[in-house]
């Protein structure tokens, strides 16, 4: 279909032109639509459109010539079958809520089914930050395959560098919810160690004092405690704040503190019942906050617990020993309907 023709309906009244075009069936990525506008391939009410940021109005007739849509090729193939749950997007960056099971970038066994492939499909290979390498377009930081929640991606090299600088300077606020085995005695604390790859198992990381270990700092706040049952030692729901971003950092630090994550297949413990029936680590990136490096706007987003983790908490509701003050504040934002003691 060389031409797309559409009238602006009430639901899309006031949208940016490039964003509107990207909603049309058969349209290329938003970035590709913006390029087509620049190349004179779009009209509004038969008048040539020249500004991608122009806002469309109810009843406008929009026509786009996609015959000349640029073929954006690169190291990675686009994967249009991976859904992206986008929570914020502009010309420089986007924040997504990552689903469980999605690997961030290609690795053995995952060559074309990663977040990077989905980003290429959404933005176009030539419209993503490339500072992490050709196989990691747009990637700013990572979440483990089965960790869910908010994740930053960059559309330009400049934005990617700026966001990585925020992480390096420890001013990009990233907070996680995790359920761990056992009762965490303190209401808050800091775990500061070195972390290095295990010499016994290359798939695992470990706390280490070796010269190649990298500093890792995690603070935590206890939100709710659950009393011990006949076959377990109880549980604690924590919020963890990352000051560094080492591989498996929270999982390693919690194991080191003798409170491994519920459901963790690599660092955890216990039976399926003791792990409340979940088949992955109970770890969710629930909050991210930062000053936009290009506009200065403060971006603050939160993400409710996905169903499997919320269901696991529900199983413990009758065993709650009560929430802490921080637990009332935080859980009131993201799972207000969840029962608790």
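Quick look at the numbers
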{"quantity": "The chain - Rg (one decimal) and Dmax (whole number), Cα, Å", "calculated": "22.7, 74"}
{"quantity": "Computed FRET value (nearest 0.05) for residue 171 with residue 46, which takes r as the C-beta separation and R₀ as 45 Å", "calculated": "0.40"}
{"quantity": "Nearest 10 degrees, 0 to 90: helix 157-168 Cα axis against the chain principal axis", "calculated": "20"}
{"quantity": "Cβ-based exposure ranking for 225, 175, in which fewest neighbours within 10 Å come first", "calculated": "175, 225"}
{"quantity": "Likely footprinting exposure, 16, 136, fewest C-beta neighbours within 10 Å first", "calculated": "16, 136"}
{"quantity": "Helix axis angle, 325-334 relative to the chain longest principal axis, alpha carbon, degrees", "calculated": "30"}
{"quantity": "Sequence-separation-based contact order of the chain, relative, with Cα cut under 8 Å and 6+ spacing, percent", "calculated": "13"}
{"quantity": "Rg to Rh quotient for region 28-153, alpha carbon positions, Kirkwood Rh", "calculated": "1.03"}
{"quantity": "Theoretical FRET efficiency, 1/(1+(r/R0)^6), r = Cβ-Cβ of residue 204 and residue 157, R0 35 Å, to 0.05", "calculated": "0.60"}
{"quantity": "Sequence ranges 245-251, 95-101, ranked by mean other-Cβ count within 10 angstrom, highest first", "calculated": "245-251, 95-101"}
{"quantity": "Rg and Dmax of region 205-341, Cα atoms only, in Å", "calculated": "16.3, 55"}
{"quantity": "Largest-first ellipsoid semi-axes for region 3-65, taking √(5λ) over the Cα gyration tensor eigenvalues, angstrom", "calculated": "15, 12, 11"}
{"quantity": "For the chain, share of DSSP beta bridges that run antiparallel, in % to the nearest 5", "calculated": "95"}
{"quantity": "Among 278, 299, 139, residue whose mean-square fluctuation peaks in a GNM of the chain (springs only between Cα atoms under 10 Å)", "calculated": "299"}
{"quantity": "Kirkwood hydrodynamic radius of region 85-168, Cα pairs, Å", "calculated": "12.6"}
{"quantity": "Calculated FRET value between residue 329 and residue 231, using beta carbons and R₀ = 56 Å, to 0.05", "calculated": "0.95"}
{"quantity": "Ranked 7, 254, criterion: other C-beta atoms within 10 Å, fewest first", "calculated": "7, 254"}
{"quantity": "Full-extension gain in nm, residue 211 to residue 192, via 0.36 nm per residue minus C-alpha separation", "calculated": "5.3 nm"}
{"quantity": "Mean projection area, nm², convex hull over Cα of region 127-282", "calculated": "10.2"}
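Read-outs: derived from the displayed coordinates by stated rules, not from any lab. These figures come from a predicted structure and were not determined experimentally. Positions of Cβ are generated from backbone atoms using ideal geometry, with glycine treated the same way; all protein chains shown enter the neighbour counts.
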